[in-house]
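Here the structure is laid out as structure tokens; the discussion comes afterwards.
The values are calculated or read from the model by the stated rules, or taken from the named source; none is laboratory data. These numbers were taken from a predicted model, which means no experiment stands behind them. Cβ: placed from backbone, ideal geometry, glycine included. Neighbour counts: every protein chain shown.
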Amino acid sequence: MNRSILAAANTMGQLQQKLDMIGHNLANVDTVGYKRREASFTELLYQEFNNQPKDDQEVGRLTPDGIRLGTGSKLGQTSIVLSQGSLKETNRSLDIAFTKEGQFLRVSVEENGNETINYTRNGALYLSPLSEGSNESVLVTSDGYPVLDSLGNAINIENDFQDISINENGTMNVTKNDGEEQVYNLSVVEIHRPQLLQSIGDNLLGLPNLQQLNLGEDEVLTYLTDGLQETVSLKQGALEQSNVNLSKEMTDMLTTQRTYQFNAKSISIADQMMGLVNGIR
């Protein structure tokens, strides 16, 4: 097959993946706490043809001898961008927004009977009844996943309360009707290697198997508990918006589409040239 067709076809497949990623960013422009992703491309292998005799050097040539034919490019990696999103005031006591980059809430996700720990910046929290007729509710995200405390347990709150306040260091104070106060510390972690984060769905992020990567948990994240809890930075009554820049995403989409069209045109031209050669024969 014509090499130009191969190179263009390889590149078009990778460009389609970038368009999918841009579409995902655009779809989440209004998602609370969403972090955009961006793509980077790398060159595929190329083959060098030495079409000149060793003793026949071109005078004044500055580039290496031979012809190098590539096979296109590929999507090298998609990386998450943790830049801070804008804050939107809601004045709702269970809405919180992180004001520092790299900090995440720990939430529990149960799937097929297995419990896993994931991370989110979605600070729209709610109280969900534990069971019908129960006097307690559990603190959950907007998708119903329990938020964990500093000990790794779900936060259960009795329904007879009159006020809930969350300070900037992640301490939640629940004032009951009889004046008694209950104190809970939200489980917050700081991610040191954000490029390891994987999108799980429902605005959740997870980590791969660290043992297979020969990494320890302390190399990837830090639990902001005890003395480190003072470094947590939250704002009650506000939500962090996504960090998707609509104009930038639209520009990237148009640029990627034009590149896709260019490669499609090169396939068409290569096909026409092969038709001309066959006609000459």
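Is there a residue in segment 115-131 that is polar (S, T, N, Q), free of Cβ contacts under 8 Å to residues at least 12 places away in the same chain and assigned to a strand (DSSP E or B)?
Here is the first cut: in segment 115-131, the residues polar (S, T, N, Q) are 116, 118, 120, 122, 128, 131.
Those left that are additionally free of Cβ contacts under 8 Å to residues at least 12 places away in the same chain: 131.
Subsequent filtering for residues that are assigned to a strand (DSSP E or B) retains none.
No, that holds for no residue.
Please count how many residues of segment 57-94 are among the hydroxyl-bearing types (Ser, Thr, Tyr) and not in a loop (DSSP other than H, G, I, E, B).
Number of matching residues: 3.
For a quick check of your reading of the model, give me the residue pairs whose first member lies in segment 72-95 and is among the basic types (Lys, Arg), whose second is not in a strand (DSSP E or B), with beta-carbon atoms closer than 9 Å and at least 6 apart or on different chains.
What qualifies is 74/10; 74/11; 74/13; 74/14; 74/44; 88/32; 88/241; 92/237.
Please determine whether any residue of segment 186-206 is free of Cβ contacts under 8 Å to residues at least 40 places away in the same chain and buried (at least 16 other Cβ atoms within 10 Å of the Cβ).
yes
Could you figure out which of (1) at pLDDT below 85; (2) touching a helix residue (DSSP H, G or I) at 6+ places or on another chain (Cβ under 6 Å) isn't true of residue 15?
Here residue 15 meets the rest and fails (1).
Give me a count of the residues in segment 211-262 that are more than 20 Å from residue 194 (Cβ to Cβ), within 21 Å of the chain's Cα centre (by Cα) and not in a helix (DSSP H, G or I).
1
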